[in-house]
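Asker: My questions will all concern the structure given below.
The values are calculated or read from the model by the stated rules, or taken from the named source; none is laboratory data. Treat the numbers as computed from the prediction; the structure is a model and nothing was measured. Quick reminder, even Gly has a Cβ in these numbers, built from the backbone with ideal geometry, and neighbours come from all protein chains shown. Each accessible area value is taken on the protein alone, full model and side chains, heavy atoms only, with ligands, DNA and RNA left out. Shrake-Rupley method; radii C 1.70, N 1.55, O 1.52, S 1.80 Å.
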Amino acid sequence: MARPQLTTLTMGELDSNLLPCTDENCNSTFKDQKALNNHVNDYHKLEHVVNFKKDKDALCIKLKRSKDCLLCPYCTKSFNSFSAIRKHLNKFEGNCGTNGDSPDLLGDEKNTVSVLLPDCPLYDDSLPLPSEPSQRHSYTEAIVQGCQSMEASEDEKSKNEWIIEKLQIEPIALIEDNESPQKAEYNAFTHTTNIQRMTGKRFICHPIVPAKRKLQESSTNEILATSFAHLIHSSPLRNILLERHYFEVNHEVCQMLNTDWEHAPHIKYACAQALAGCILVNEKAGQAVLVNTLEVYCRLRSVDIHRELSNQHGSLPPPTSFYENVWPCVLSTSDGEKLTIGTQTMNALITSTIRLDIKEEPKVGPTTCTADCRSKTIKIYIDHGSWEKAVKISKNTMTRQLEQFNLTSQLRQIRSQFHHPSSYYLIRASSFLAMPFSCQPLSIFTFENHEHGNNKTNAHEKASMVASRLFKLIAHQVLSTTKPSLSKAQLNQLASQCGNGKVRDIIVNISSSLVDADDILILHNGELNNSLTQLASLLSSDIAKANKSYVIPNIQKRIKALLEE
């Protein structure tokens, strides 16, 4: 296709009012910046994304410019401009190779069929619109809310409704008057004649205390919530949560969480980031937890050696899951019950949570969540800040980490398979509350860095600290070199830093295996993996203790600081 005739620059004819093309091989000039930008985008931009319909299905493909041309993926035609190939694709809908519109293919090429894999979808990082304000409590729900009888039996709820009707009183909705997109609804009762007089007016609410009683605080800190907005406004962390924006899981989130990791390897980082800081809500029980830290695992052995075994009753979403192929659930394992979010391609193991409906100590560890998350209708609300970061990650196919800082903190807490490359994926993500290292669950890679008491020297260190130092050294080797290895000198130095015991014996045995070599390879070394697996097992109890004595207090201090801001 011929390129449109444009004004060209020749020696001695340069008009100072014209703008030259920024491409060094193009002599075109333009009268204004807008025309120049349109030209560069149409004729010189290296990559384009085009949307069109093929057999009534909406497709999105990526085009790359080669030798100053854009090649149609369905036929042999090439185009100089993006507008031309877009017009071509819209016209033939991807069927141009069968219309006689393209040159004949020779030899075996006539029988060749080219199938394009879909590109990773482009996601919208804007905050979804809040729910319609008309979605308020029904008559029956308002009575349950007003009586705070969410956990009562159906007979007791029916009894309350009967009493209210006999007293000729009705529930009313009190909607918070503020700028928040999530406006909480509270329910109260008054006589039917009062309702007629109150409708459309604004009121200030004050409690009326019986004369012979003192207004006593509830014997429990629990706050029963029937909606996400009510929970946010009633939570002990209200002032922190109101600074954030949340939206319920939608089709785009489900699509990202179910994207194939083999086809789009970088999407695993986006999945971890998308769920960081999300909130799980059990509306029936009035309970909610904020996901402070989580780590994600693929379901395919070829991608992730630590995948959830398919022969177990695991986290695969059932056909009746509340969201499209996304299912929060509690798994019963040999290590205890674990809070998990499962999809068709991965599962996210939640390792740290904070209850939002009651004042409770933060929980660190995969088996310590106290909220009831077994309901089939658990709702998930995504932190918009995390979603924006996830969308940005999904657009960068070169992503290999979630953050530039604290790389070892992004490694999952594993206890085996240290000889496999997938053990070193940086796919552990934390919420805005747990962004500091000190607020994240410790692992074999990070235990060495935590502050234990007032001792900040290397003297008289526990063997577990030295063991963690070894794992950190291994991680840095794998992440920074193509052939990661440990030297005999490094192993001997670590062995000298801890006293006699099992840890030292394992390190000495690894060093002793180096008879005719000065280094030992880390990856694909089954013998070294066996020794490291034993070492990781010895660390488990000390990590659990440090999570309680170090991480939990640090989370509490951070929450207190944020509430006081």
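Asker: Hey, does the stretch 307-330 have a residue that's of a type in the set (D, E), without any contact (Cβ under 8 Å) to a residue 40 or more places away in the chain and in contact with a Phe, Trp or Tyr (Cβ under 8 Å, 6 or more places away or on another chain)? If you could, list the steps in order and put the result at the bottom.
Answerer: So in the stretch 307-330, the residues of a type in the set (D, E) come out as 308, 324.
Checking the rest, the ones that are also without any contact (Cβ under 8 Å) to a residue 40 or more places away in the chain come to 308.
After this cut, where a residue has to be in contact with a Phe, Trp or Tyr (Cβ under 8 Å, 6 or more places away or on another chain) as well, the list is 308.
Yes, the stretch 307-330 contains a residue that is of a type in the set (D, E), without any contact (Cβ under 8 Å) to a residue 40 or more places away in the chain and in contact with a Phe, Trp or Tyr (Cβ under 8 Å, 6 or more places away or on another chain).
The rows are residues; the columns are (1) without any contact (Cβ under 8 Å) to a residue 12 or more places away in the chain; (2) closer than 30 Å to E361 by Cβ; (3) buried (at least 16 other Cβ atoms within 10 Å of the Cβ); (4) among the aliphatic types (A, V, I, L, M).
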{"residue": "H524", "(1), (2), (3), (4)": "no, no, no, no"}
{"residue": "L535", "(1), (2), (3), (4)": "no, no, yes, yes"}
{"residue": "D542", "(1), (2), (3), (4)": "no, yes, yes, no"}
{"residue": "A546", "(1), (2), (3), (4)": "no, yes, yes, yes"}
{"residue": "R558", "(1), (2), (3), (4)": "no, yes, yes, no"}
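Asker: While we're here: Which of the numbered conditions does Y297 fail, given that it passes all the others? Conditions: (1) over 18 Å from S227 (Cα atoms); (2) assigned to a strand (DSSP E or B); (3) touching a Cys at 6+ places or on another chain (Cβ under 9 Å).
Answerer: With (1) over 18 Å from S227 (Cα atoms); (2) assigned to a strand (DSSP E or B); (3) touching a Cys at 6+ places or on another chain (Cβ under 9 Å) applied to Y297, the lone miss is (3).
Asker: Considering Q477, Q490, Q534, which residue is closer than 21 Å to S443 by Cβ, part of a helix (DSSP H, G or I) and in contact with a strand residue (DSSP E or B) (Cβ under 7 Å, 6 or more places away or on another chain)?
Answerer: After ruling out the rest, the residue left standing is Q477.
Asker: Right, something else. Scan the stretch 493-526 for residues that are of a type in the set (V, I, T), part of a loop (DSSP other than H, G, I, E, B) and touching a helix residue (DSSP H, G or I) at 6+ places or on another chain (Cβ under 8 Å) and jot them down.
Answerer: Of all residues in the stretch 493-526, those of a type in the set (V, I, T) come to 503, 506-508, 510, 515, 520, 522.
Remaining after also requiring part of a loop (DSSP other than H, G, I, E, B): 515, 522.
Answer for the stretch 493-526, where residues must be of a type in the set (V, I, T), part of a loop (DSSP other than H, G, I, E, B) and touching a helix residue (DSSP H, G or I) at 6+ places or on another chain (Cβ under 8 Å): just I522.
Asker: Could you check the stretch 330-360 and list, in sequence order, the residues that are over 24 Å from L426 (Cα atoms) and buried (at least 22 other Cβ atoms within 10 Å of the Cβ)?
Answerer: Hits for the stretch 330-360 are R355, L356, D357.
Asker: Taking the stretch 347-368, which residues are in a strand (DSSP E or B) and closer than 24 Å to C298 by Cβ? Quick ask: steps written out before the conclusion?
Answerer: We begin by selecting, within the stretch 347-368, every residue in a strand (DSSP E or B); these are 347-355, 363-364.
N347, A348, L349, I350, T351, S352, T353 - these are the residues of the stretch 347-368 that are in a strand (DSSP E or B) and closer than 24 Å to C298 by Cβ.
Asker: Modelled with pLDDT of 95 or more, more than 24 Å from R301 (Cα to Cα) and part of a loop (DSSP other than H, G, I, E, B) - does that describe any residue in the stretch 422-431?
Answerer: yes
Asker: For a quick check of your reading of the model, give me the residue pairs whose first member lies in the stretch 485-497 and is under 17 Å from L521 (Cα atoms), whose second is surrounded by 18 or more Cβ atoms within 10 Å (Cβ to Cβ) and not hydrophobic (A, V, I, L, M, F, W, C), with beta-carbon atoms closer than 6 Å and at least 6 apart or on different chains.
Answerer: Here the result reads K488/S511; L491/S511; N492/S511, each pair linking the stretch 485-497 to a residue that is surrounded by 18 or more Cβ atoms within 10 Å (Cβ to Cβ) and not hydrophobic (A, V, I, L, M, F, W, C).
Asker: Exactly one of these conditions fails for I204: (1) under 38 Å from the mean Cα position of the chain (by Cα); (2) farther than 28 Å from A152 by Cβ; (3) at pLDDT 70 or above. Give me its number.
Answerer: (1)
Asker: Can you tell me which residue is surrounded by the most Cβ atoms within 10 Å (Cβ to Cβ) among those in the stretch 460-487 that are over 29 Å from the mean Cα position of the chain (by Cα) and of a type in the set (K, R)?
Answerer: Restricting to residues being over 29 Å from the mean Cα position of the chain (by Cα) and of a type in the set (K, R), the top hit is K462.
Asker: Looking only at the stretch 287-300, decide whether some residue is touching a residue at least 24 places away in the same chain (Cβ under 8 Å), in contact with an Asp or Glu (Cβ under 7 Å, 6 or more places away or on another chain), open to solvent by less than 10 Å² (accessible area, probe 1.4 Å) and not acidic (D, E). Walk me through it before giving the result.
Answerer: From the stretch 287-300, those touching a residue at least 24 places away in the same chain (Cβ under 8 Å) are 287-300; that's our starting set.
Those still in the list that are in contact with an Asp or Glu (Cβ under 7 Å, 6 or more places away or on another chain) too: 287-288, 297-300.
Subsequent filtering for residues that are open to solvent by less than 10 Å² (accessible area, probe 1.4 Å) retains 288, 298.
Going one step further and asking which of them are not acidic (D, E), we end up with 288, 298.
Within the stretch 287-300, one or more residues are touching a residue at least 24 places away in the same chain (Cβ under 8 Å), in contact with an Asp or Glu (Cβ under 7 Å, 6 or more places away or on another chain), open to solvent by less than 10 Å² (accessible area, probe 1.4 Å) and not acidic (D, E).
Asker: Report whether or not I382 is among the β-branched types (V, I, T) and modelled with pLDDT of 95 or more.
Answerer: It is true that I382 is among the β-branched types (V, I, T) and modelled with pLDDT of 95 or more.
Asker: Separate question: Hey, T140 hits all of (1) of a type in the set (V, I, T); (2) open to solvent by 60 Å² or more (accessible area, probe 1.4 Å); (3) at pLDDT below 85 but one; which does it fall short on?
Answerer: With respect to (1) of a type in the set (V, I, T); (2) open to solvent by 60 Å² or more (accessible area, probe 1.4 Å); (3) at pLDDT below 85, T140 is out only on (3).
Asker: Residue by residue through the stretch 150-184, note down the ones that are modelled with pLDDT under 80 and in a helix (DSSP H, G or I).
Answerer: If the condition is that a residue be modelled with pLDDT under 80 and in a helix (DSSP H, G or I), then K166 is the only one that fits.
Asker: All but one of (1) without any contact (Cβ under 8 Å) to a residue 40 or more places away in the chain; (2) under 30 Å from Q273 (Cα atoms); (3) open to solvent by 50 Å² or more (accessible area, probe 1.4 Å) hold for F437, so report the exception by its number.
Answerer: (3)
Asker: Looking at the stretch 361-374, which of the residues that are touching a residue at least 24 places away in the same chain (Cβ under 8 Å) and surrounded by fewer than 19 Cβ atoms within 10 Å (Cβ to Cβ) is nearest to C254 (Cα to Cα)?
Answerer: Among those that are touching a residue at least 24 places away in the same chain (Cβ under 8 Å) and surrounded by fewer than 19 Cβ atoms within 10 Å (Cβ to Cβ), it is R374.
Asker: Out of the residues in the stretch 385-395 that are in a helix (DSSP H, G or I) and more than 22 Å from N325 (Cβ to Cβ), state the one that is most open to solvent (accessible area, probe 1.4 Å).
Answerer: Only one residue tops the list, namely K392.
Asker: Would it be correct to say that R400 is surrounded by 22 or more Cβ atoms within 10 Å (Cβ to Cβ), in a loop (DSSP other than H, G, I, E, B) and out of contact with any Leu (no Cβ under 6 Å at 6 or more places or on another chain)?
Answerer: No.
Asker: Got a sec? Which of K87, K64 is basic (K, R), open to solvent by 70 Å² or more (accessible area, probe 1.4 Å) and in a strand (DSSP E or B)?
Answerer: Sole residue among the options that is basic (K, R), open to solvent by 70 Å² or more (accessible area, probe 1.4 Å) and in a strand (DSSP E or B): K64.
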